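The structure under discussion appears below in the form of structure tokens.
The values are calculated or read from the model by the stated rules, or taken from the named source; none is laboratory data. What you see is a predicted model; the values in this text were computed from it and never measured. As a convention, Cβ positions derive from the backbone with ideal geometry for all residues, glycine included, and neighbour counts pool all protein chains shown.
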Amino acid sequence: MQQYDAIIVGAGAAGGIVAGVLAEAGWHVLLLERGPSLRFEDVPRDDIRSQRLSLYGHNAGPEIEGNPRVVVEPNGNERVVRPHEGGYHNNAACVGGGTRVYGAQAWRFMPQDFQMASLYGVPEGSSLADWPITYEDLKPYYERAERELGVAGQNDTLWGETAPDAAYPMPPVVPGPQTQALKRGAQQLGWRTFAAPLLINTVPYGGRAACIACKWCVGYACPTDAKNGTHNTLIPLALATGHCQMVTGAMTERIETDARGKVCGVSYFVEENGSARHESARAKVVIVSSGAIESARLLLNSHSAQHPHGLGNESDQVGRHLQGHYYPGASGLTEENVYNGVGPGVTCATNQFNHGNSGIIGGGMLCDDFIKPPIDFWYTSLPPDLPRWGAANKQYMRENYTRLLHVKGPVQEIPSPHGRVTIDPQVRDKWGIPVVRLSGTTHQATVATSEFMRHRAEEWLRASGCYKVWSQPRGIGLSGGQHQAGTCRMGHDPQTSVTDQCGRVHAHDNLFVIDGSLHVTNGGFNPVLTIMALAFRSAEHIAKNFN
């Protein structure tokens with residue numbers, strides 16, 4: 001049985017960074033990834049089978065068959081779902097994880113986002129809480145992530161005390177006709193706008209080419225390798241040291257403990273040529289970086305005589321407080337052409353409503369949308385009074401595809417202890433491992449915040465010259481998709497949290513969770529830069545404190 005300094009489960013946004021930091025520090029690292037290492041040509045460009053619009057499948061994993069989950073609807077109905085189906089809350093399963101196909105918005109959280117409970121109080125029935133760290137604790141690691149992976153942005157994008165000490169490494173994306181329209185509208189309303197920060201090369205950077213402004217960004221792989229994730233930055237760095245061994249097609253079954261209950265390694269399956277073999281490895285430190293849903297699943301499945309309810313679950317906190325992001329927005333028709341087909345499409349954003357909204361807890365960011373393929377436009381952007389097929393629909397598509405403005409953005413979710421991941425007692429995956437059972441909802445205050453931001457989106461479009469505006473309200477439900485977070489939240493108190501402020505699982509000296517699971521709240525922004533900053537911070541802590 002092989003012995004390592006560290007085993008990392010998951011080669012996504014966080015796990016890839018941890019591997020890079022530890023391998024550079026001379027650690028002997030085993031990096032396990034259940035998905036494959038995808039070349040550009042391995043990620044199909046199918047408009048209806050992608051990580052963006054998965055009507056009949058997707059393009060970056062996991063496999064459709066053999067990886068089910070069980071979803072319990074708010075009305076109590078249960079159903080088994082496959083990865084591309086609604087309610088699964090899928091995250092990509094491949095080297096780089098979601099960073100292989102994401103839209104790459106690179107926002108920092110605001111200082112207020114780390115102390116939501118202190119600012120707003122704790123709504124009845126919610127599990128809103130403050131983080132055990134502050135923005136200042138994370139600021140140097142935000143800067144490190146922006147520099148080491150590469151972020152393009154407008155240097156006055158951030159606000160007040162969150163302004164970077166150094167400029168973004170690259171200039172922002174080039175504005176388009178939609179940018180000018182939205183800026184005019186924002187000026188009329190007295191709102192401040194700026195270019196959204198993106199983990200995309202607008203100029204050659206890090207040995208990789210610049211963005212060619214194609215229409216295939218979010219949900220697809222980048223043809224010029226200009227989209228910066230861990231698959232093309234920290235993981236290659238880790239492998240180049242000679243200290244990191246990466247195994248793909250490796251599904252971790254459980255975290256192993258010794259006779260005293262101390263974590264000592266992992267057991268996993270490796271798929272090769274249609275067959276599977278069972279492997280075990282030992283390490284002085286085990287790091288779980290599988291995403292909020294799968295990380296909770298692994299801890300819960302790692303039960304033993306000493307830990308009958310799973311690792312880190314003595315207080316029944318593992319899997320609770322699941323968050324993602326409600327994503328309110330609006331669409332509107334203009335008299336002018338506001339679409340020129342130049343990607344990635346996100347050029348203009350506002351943070352006018354992240355905090356300080358009367359009667360609302362938190363708020364959110366709004367920005368223009370990524371380039372929409374025609375079928376995505378048809379599914380998501382048609383006005384409610386238009387027939388979905390026939391001559392009128394075809395005419396509308398021909399005349400209005402270039403005249404439609406979209407704005408949307410994530411909102412602060414108010415976590416609920418009942419929105420959670422548990423283990424289903426009956427359903428198993430192709431490996432024979434018990435699968436995730438998703439149940440509960442977010443808190444009702446999230447719906448109120450979402451509705452507030454939906455109306456702000458409509459207001460912005462009307463001010464920007466749209467003569468017809470529409471949007472879709474959303475009711476109560478569970479949210480834990482690509483922005484999944486919160487199931488192993490960090491904190492000082494083991495009764496209300498799973499890890500300490502560095503991601504170390506309470507009562508386990510050598511077990512860490514490092515990914516979006518740690519987020520106490522998930523901000524009113526895309527969370528990937530915060531996931532990366534936390535990964536740099538926790539990995540640095542491990543490298544310095546475990547010899």
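Some values worked out for this structure:
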| item | result |
| --- | --- |
| Unique match (being closer than 24 Å to residue 419 by Cβ and surrounded by fewer than 24 Cβ atoms within 10 Å (Cβ to Cβ)) among 521, 496 | 496 |
| Conditions (1) in contact with a strand residue (DSSP E or B) (Cβ under 9 Å, 6 or more places away or on another chain); (2) surrounded by 23 or more Cβ atoms within 10 Å (Cβ to Cβ); (3) of a type outside the set (Phe, Trp, Tyr); number of the one not met by residue 247 | (2) |
| Tally, over the range 279-302, of residues that are surrounded by fewer than 24 Cβ atoms within 10 Å (Cβ to Cβ) and either more than 24 Å from residue 481 (Cα to Cα) or among the charged types (D, E, K, R) (or both) | 7 |
| Given (1) crowded, with 17+ Cβ neighbours inside 10 Å; (2) out of contact with any His (no Cβ under 6 Å at 6 or more places or on another chain); (3) in a loop (DSSP other than H, G, I, E, B); (4) of a type outside the set (S, T, N, Q), number of the condition residue 480 does not satisfy | (2) |
| Test: residue 76 is assigned to a helix (DSSP H, G or I) and either at positive phi or surrounded by 24 or more Cβ atoms within 10 Å (Cβ to Cβ) (or both) | no |
| Hits in the range 212-231 - residues which are touching a residue at least 60 places away in the same chain (Cβ under 8 Å), buried (at least 23 other Cβ atoms within 10 Å of the Cβ) and out of contact with any Gly (no Cβ under 6 Å at 6 or more places or on another chain) | 219, 220, 221, 222, 227 |
| Strands (runs of 3 or more DSSP E) lying entirely in the range 244-317 (those with 3 or more residues that are free of Cβ contacts under 8 Å to residues at least 40 places away in the same chain and over 27 Å from residue 416 (Cα atoms)) | 263-272, 275-288 |
| Criterion: of a type outside the set (Phe, Trp, Tyr) and over 26 Å from residue 64 (Cβ atoms) - qualifying residue of 439, 464 | 464 |
| Residue match in the range 532-540 (condition: under 30 Å from residue 23 (Cβ atoms), surrounded by fewer than 18 Cβ atoms within 10 Å (Cβ to Cβ) and touching a Gly at 6+ places or on another chain (Cβ under 9 Å)) | no |
| Meets criteria (surrounded by fewer than 16 Cβ atoms within 10 Å (Cβ to Cβ) and either out of contact with any strand residue (DSSP E or B) (no Cβ under 7 Å at 6 or more places or on another chain) or touching a residue at least 12 places away in the same chain (Cβ under 8 Å) (or both)) for residue 432 | yes |
| Filtered residues of the range 302-342 (kept if within 23 Å of the chain's Cα centre (by Cα) and charged (D, E, K, R)) | 320 |
| Subset of the range 464-497 (residues that are over 20 Å from the mean Cα position of the chain (by Cα) and under 30 Å from residue 90 (Cβ atoms)) | 470, 471, 472, 473, 474, 475, 476, 491, 496, 497 |
| Subset of the range 475-487 (residues that are farther than 14 Å from residue 74 by Cα and either free of Cβ contacts under 8 Å to residues at least 60 places away in the same chain or touching a helix residue (DSSP H, G or I) at 6+ places or on another chain (Cβ under 9 Å) (or both)) | 480, 482, 483, 484, 485, 486, 487 |
| Scope the range 488-501; condition part of a loop (DSSP other than H, G, I, E, B) and touching a residue at least 40 places away in the same chain (Cβ under 8 Å); matching residues | 488, 489, 491, 492, 494, 495, 496, 497, 498, 500, 501 |
| Residue that is part of a loop (DSSP other than H, G, I, E, B), out of contact with any Ser or Thr (no Cβ under 6 Å at 6 or more places or on another chain) and in contact (Cβ under 8 Å) with a residue 12 or more places away in the chain, where the choices are 38, 22, 31 | 38 |
| Only one of 100, 45, 69 that is of a type in the set (Lys, Arg), under 25 Å from residue 271 (Cα atoms) and in contact with a Phe, Trp or Tyr (Cβ under 7 Å, 6 or more places away or on another chain) | 69 |
| Qualifying residue in the range 514-523 (condition: part of a loop (DSSP other than H, G, I, E, B) and either more than 21 Å from the chain's Cα centre (by Cα) or more than 19 Å from residue 415 (Cα to Cα) (or both)) | yes |
| Residue in the range 39-47 that is within 26 Å of residue 272 (Cβ to Cβ), buried (at least 17 other Cβ atoms within 10 Å of the Cβ), at pLDDT 95 or above and in contact with a helix residue (DSSP H, G or I) (Cβ under 6 Å, 6 or more places away or on another chain) present | no |
| Within the range 199-217, tally of residues that are in a loop (DSSP other than H, G, I, E, B) and on the phi < 0 side of the Ramachandran plot | 13 |
| When residues of the range 257-273 are limited to those that are of a type outside the set (Phe, Trp, Tyr) and closer than 24 Å to residue 97 by Cβ, the one surrounded by the fewest Cβ atoms within 10 Å (Cβ to Cβ) | 272 |
